[in-house]
């Protein structure tokens, strides 16, 4: 699963599609409880894992902090379902890999949602 920390407008979405970034979809979280958001993310990850052909990869655009707090340092005792390599951040008109912006060791000291909330 890939995550883009961006707004639909930044990525050029029009009527649910982005010409500039095909394959990415907006992940709606309005009026969902954090537990419901986590359950939906886990269901999408399970769907990817169940695909023996490895053809399924979800690419979600969201600004939701609950989603980003599921991204953790892979060497934690209890890592989350995604790691920093799965995250892209909108900066200066383009999507950049999170690890091109921050050191993984530095990120490991914070909840990713907190880092993105402070930096954006």
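The values are calculated or read from the model by the stated rules, or taken from the named source; none is laboratory data. Given the structure is predicted, the values throughout are model-derived calculations rather than measurements. Glycine gets a Cβ as well: all are built from the backbone with ideal geometry, and neighbour counts include every protein chain shown.
Overview of values
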quantity: Test: residue 84 is within 12 Å of the chain's Cα centre (by Cα) and either surrounded by fewer than 17 Cβ atoms within 10 Å (Cβ to Cβ) or touching a residue at least 40 places away in the same chain (Cβ under 8 Å) (or both); calculated: no
quantity: Odd one out for residue 115 among (1) assigned to a strand (DSSP E or B); (2) buried (at least 17 other Cβ atoms within 10 Å of the Cβ); calculated: (1)
quantity: Restricting the stretch 94-113 to residues that are out of contact with any strand residue (DSSP E or B) (no Cβ under 6 Å at 6 or more places or on another chain) and in contact (Cβ under 8 Å) with a residue 40 or more places away in the chain, the residue that is farthest from residue 68 (Cα to Cα); calculated: 111
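Yes or no, residue by residue, for (1) touching a helix residue (DSSP H, G or I) at 6+ places or on another chain (Cβ under 8 Å); (2) closer than 28 Å to residue 12 by Cα; (3) at pLDDT below 95; (4) surrounded by 12 or more Cβ atoms within 10 Å (Cβ to Cβ):
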site	(1), (2), (3), (4)
26	no, yes, no, yes
34	yes, yes, no, yes
42	no, yes, no, yes
52	no, no, yes, no
64	yes, yes, no, yes
67	yes, yes, no, yes
76	no, no, yes, no
79	no, no, yes, yes
98	yes, yes, no, yes
